[in-house]
Amino acid sequence: MKGTTTMLIAIAAMIGMLSGLGAAVTTDVVYNGDGQYDCNYNGYGTGYIGIHTYTSDGSDHLMTGWTNTEAYGWQEMSTYSGSDPMVGDYSGTVIARTATVGGDGIGEDEAGYILTITADNDNNSVMSYADYHDNRGWGSHVTTDQTVVVGSLVNIGGSTYNVTGVAAATNIHGFAYGSNTTVSGLVRTQSGDEYTYALLAMENGKMNLYTLSAAGSVEPAFYGVDGACGQWVEVDAKGVGVFAAGAGTDIHGAEFDMWDDDGYLYYYSEGMNVTMDMTAPFDGNFDATGYVYVYTP
């Protein structure tokens, strides 16, 4: 799990495939070890920055690139450990961050992306991806606000649990102005071969995608669930776009309330050994709340 040149090259190659953006100023920063740090950055023009964190609990990556615009953000990390009479020894890593690309408003074609990947040492992860494009550069932008925890947690909701995995609160919000613009946000959980995702993609307009995500196992068992991953999702958007959510591959569940300018829809689903993909296109005001999860019985 420790940082290596090979891993960084692979990550850089993946970013190139995802974004297609060239980077004039390219910077990768690696933090290795249990402890604490905080950092911030500001950039403009065309560039890329990656912040890669490795602790005994797992790994975290923030990667962001921008073209003909600006980028700025901050990130802080701390680790903790201890012992609890109910669950034994525990340790965890907490990372909080804000990352923004866009908003320069210089009237040129501009684009940017923000990718985060947080993983523990047991094949559990939460990933987020946000991007935008504006052919006229009239202030379009996207921001990811996120707090992630990887490792063991205790005292959840007033009860004591040992949660081995990853938990994240993610808010992706942004604005794309005019025609030939896009802005989108994606949050995906993974636990072994189980996954869930929530996606909000827009041709133009404003968007806000908020998720509470978790991937991992719980001791003592919570409603008999182990190896679970899932998300609570809230959406607030105005413009032309699509909201999507999905899950697979064992036992899944989903429930959403959705509103637009013309009506309301309630959707509920349960299933076993099938994948589920829901899409809801919209044009105008759109709101949604609900959840999607998958688990192994």
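None of the figures in this text is laboratory data; all of them are computed from the coordinates on show. None of the values given here were measured: they were computed from a predicted structure. Virtual Cβ from ideal backbone geometry, glycine too; neighbours counted across all protein chains shown.
Data table
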{"item": "Charge dipole (debye, nearest 20) of segment 5-296; +1 at Cβ of Lys and Arg, -1 at Cβ of Asp and Glu", "result": "420 debye"}
{"item": "Note, ³J(HN,Hα) from phi for segment 26-33, Karplus 6.51, -1.76, 1.60, rounded to Hz, x at Gly and Pro", "result": "10, 9, 10, 10, 10, 10, 10, x"}
{"item": "For I106, residues with placed amide H under 5 Å, excluding near neighbours", "result": "G139"}
{"item": "Distance-filtered residues of segment 192-210 - backbone nitrogen under 17 Å, label point 7 angstrom along V240 Cα→Cβ", "result": "201-207"}
{"item": "Rounded to whole Hz, the Karplus (6.51, -1.76, 1.60) HN-Hα couplings of segment 265-280, x for glycine and proline", "result": "9, 10, 10, 9, 8, 9, x, 9, 6, 9, 8, 10, 10, 10, 10, 9"}
{"item": "Segment 191-297: chymotrypsin sites (Phe, Trp or Tyr not before Pro) in DSSP loop, at most 16 other beta carbons within 10 Å", "result": "Y223"}
{"item": "Radius of gyration, Dmax [segment 5-296; alpha carbons; angstrom]", "result": "19.2, 60"}
{"item": "Placed amide H near V29: partners under 5 Å, 5+ positions off or other chain", "result": "G50, I51, H52"}
{"item": "Interchain or long-range residues, amide H under 5 Å from S56's placed H", "result": "D34"}
{"item": "For segment 200-217, 3J(HN,Hα) per residue [Karplus equation, 6.51 cos²θ - 1.76 cosθ + 1.60, θ = phi - 60°, Hz, x = Gly/Pro]", "result": "10, 10, 9, 6, 7, x, 10, 9, 8, 10, 10, 9, 10, 10, 8, 9, x, 10"}
